[in-house]
1. Before rounding to the nearest 500, sum -39500 (n - 2.57) across all DSSP H runs of length at least 4 in the protein assembly as shown and divide by the residue total; then give [θ] at 222 nm in deg cm²/dmol.
2. Residue-wise, which Karplus ³J(HN,Hα) couplings in Hz belong to the range A:169-183, taking 6.51 cos²θ - 1.76 cosθ + 1.60, θ = phi - 60°, and x for glycine or proline?
3. Can you work out ³J(HN,Hα) from phi for every residue in the range A:156-166, in order, using Karplus 6.51 cos²θ - 1.76 cosθ + 1.60 and θ = phi - 60°, giving whole Hz and x for Gly and Pro?
4. Please list, in order, the residues from the range A:98-126 whose amide nitrogen is less than 18 Å from a point placed 7 Å along the Cα→Cβ vector of A:F17.
5. So if a site counts as exposed when it's one of the trypsin sites (Lys or Arg not before Pro), its DSSP state isn't H, G, I, E or B, and it has at most 14 other Cβ atoms within 10 Å, what's the longest stretch of chain B without one?
6. Under 5 Å between amide H atoms, partner at least 5 residues away or on a different chain: which partners does A:V32 have, H built in plane at 1.01 Å?
7. Reachable aspartates and glutamates from B:K199, Cα under 16 Å, same-chain residues fewer than 8 places away excluded?
8. Report D for the protein assembly as shown in µm² per second (integer): Stokes-Einstein, Kirkwood Rh on Cα pairs, 20 °C, 1.002 mPa s.
Amino acid sequence: MTDNDILVEVRDLKVHFPIKRGVLFDRTIGHVKAVDGVDLRIPRGQTYGLVGESGCGKSTLGRALLQLTAPTGGEVVFDGVELTTLPPARLRAMRRRMQMIFQDPMSSLDPRQNVESILTEGLQTHGIGGNRDERRALIGEALDKVGLPRWALSRYPHEFSGGQRQRIGIARAVVLGPELIVADEPVSALDVSIQAQVVNLLDELQESLGLTYLVIAHDLAVVRHISDTVGVMYLGALVEEAPSDRLYTEPLHPYTRALMSAVPVPDPDVEDRRERILLAGDLPSPANPPAGCRFHTRCPWAQPTRCADERPVLRDIGGSRVACHWAERIASEELRPNHAGAGVTRASDGGEAPESVPIPAPTVKADSTDG
Amino acid sequence: MALLDVNDLSVTFARRGQRTVHAVDGVSFSVDAGEVVGLVGESGCGKSVTSMAIMGLLPRRPGTRIGGTAVFDGTDLLGLDDRARRDIRGRDVAMIFQDPLSSLNPVIPIGLQVTEVLARHRGMTGDTARKEAVGLLDRVGIPDPNRRLKEYPHQLSGGMRQRALIAMAVACRPRLLIADEPTTALDVTIQAQILELLKELVQESGTALVMITHDLGVVAGMCDSINVLYAGRVVETARRRPLFRTPRHPYTAGLLGSVPRLDSGRGEPLNPIPGSVRDVLSWPEGCAFAPRCSRRLDACLDETPPLVRTHDGRSYRCVDPVPLPGVVPAQAGQPGTPSPERNEEETRD
């Protein structure tokens, strides 16, 4: 893969939010390290899926990539241009080429603007289309692309169903002719039967317009479905990155394994056969992440050496990038999960009693402030 | 006789100047002790209204009508007066809600909210109640329960709050538990913990569990039998395996076909159900799913499809169901066609 094929490259990106306290003078008493040193590359025309639980920093990463949140450190290179140091005027011009789709179409569309006005706003800002007729033509094309009828132009967001609203949000991004679209939870607010419509639409648009996607979602099944490469985040850092199929067939990081095993599959036969890795406790606070490997407090495979004091870096293992000291030995089953931290249950046949039913053990620090 | 027998439950909301909404329309199902029954459907299908009606939680307004029966252990829950209902609710029948933050009182410590239930139904006070509450929190996997008792809901994480809510629900060892989307607001790893906890409760105490969810994956792992709802009616009822292996109603089949699965590959196109839940006929005008259905016939728009009961205990509401594999599809409109699943009694609601 040559460098020309890489549309977006993120190097050691950091976003730290200060925690302030004080009556008259705000004193910074610490930082929430929402994103703490992420490297990733997205090849042109491909989809990079970012998964992780709430609070892992995946949305902040997406926003920092688009410079909607100022990064604390690191670089974002978009098509050869470094964005973090770009003057505001030039950054604004770049924004046409990178757009965003939001989770909740009801709150990301202005209820008092009709669809035409919503779609025109971006065109005007970027000076696309000389007059009203030209803009109308562009908007019409965008509506066709997302499968909305022309009469939608004069309607307001509340007149549409959830799926149609999300299509308006997609049209607003597509009308500017972007190269990169960051989609933050594009389908999670939609009903199951509608999700599939939007997922298919995103796939079609990618094919016809050659779009590059960064899809941020917590639903692993959706991400697997539309991504070429998937990155798994935990407490502000990538713990594993692999081609979509490989990640699902051969997850290497203990967190990825736990995550995969926790996703319910709509098939009773699969559900009854699955080995479930139950993680203990909640996500630790990103303001005070554990030392060493950030996952070691919940990791069923945590070892007495290295895990607690040495932060693992992403390293290549047969095509995946994994941040775990023991990934190979876990994959070869040389290391077995210890039952102190969590339990592995295997449902017996017929979906009756799991053979061992451990209550998730309270090993995690009790003052985790997740939410 | 099942522990809970819901028969022909219907809920309508009428407002002056607007069309009456049939939120729930002739829903029947039953739950035995130790059984997990699922109510599955998308938003607006009436699954939550069903549970609220059973629990007597729907606001009393002039326009709200509740019909049918919900017989719990010989008593019709719908016919009870407020006093009798309050005695049963929380003691014999308990409920777990979707969003733990809005169903816990934000200005009262967790401990008091748990002991309140114990005081009301089990007459426990003071130290006995506190000890019992510690036991309950410990039982649902909340670490350091003594300290947690003094904390307020906002100090707990989402998973903890849901555990606290479950602790309150099981405080009086209810015989029936209704869980309305208990894990929808939670992350998958926390969801797995909570589902495991609910499974344990059912196995250990023989509690009957009604699981209300939109997530077919959760249903596949938990429920013994499943009712699929669409536009306020049960469109298909089956045991877990048959439902997923051979869905008969086109809506069930459509739902299963449209869900991306973790074990399917990249780029396999999904088969969405066209249209949206808004495109709904009212049932008296035909099958409510007909506008979105790929197997629609003219007959679908003429009258409400009757509930067909097959000999293996399944039932569905469709005149032209998805054929079973290896069976020549019966022609719709000719009920006499000799095919194995057609020679059963057809009952009509």
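Values quoted throughout were computed directly from the atomic coordinates according to the rules given, and no laboratory measurement underlies them. Predicted, not measured: the structure shown is a model, and the values here were computed from it. With ideal geometry, Cβ positions are generated from the backbone for all residues, glycine too; neighbour counts draw on all protein chains shown.
1. Working: 24 runs with 218 residues, N = 720.
Dividing the helical sum by the residues of the protein assembly as shown leaves -8500 deg cm²/dmol.
2. x, 5, 4, 4, 6, 6, 4, 7, x, x, 9, 10, 10, 9, 10
3. Each residue's phi maps through the Karplus curve to give 9, x, 5, 7, 10, 7, x, x, 5, 4, 5 Hz.
4. Label zone hits: A:103-104.
5. On the way: sites that count: B:R15, B:R16, B:R19, B:R60, B:K150, B:R278, B:R348.
That gives B:151-277 as the longest site-free run.
6. Under 5 Å from the amide H of A:V32: A:F17, A:I19.
7. Candidates past the 8-residue exclusion: A:E271, A:D272, A:E275, A:D349, A:E352, A:E355, B:D32, B:E35, B:D180, B:E181, B:D224.
8. Details: Rh = 27.6 Å.
The Stokes-Einstein estimate is 78 µm²/s.
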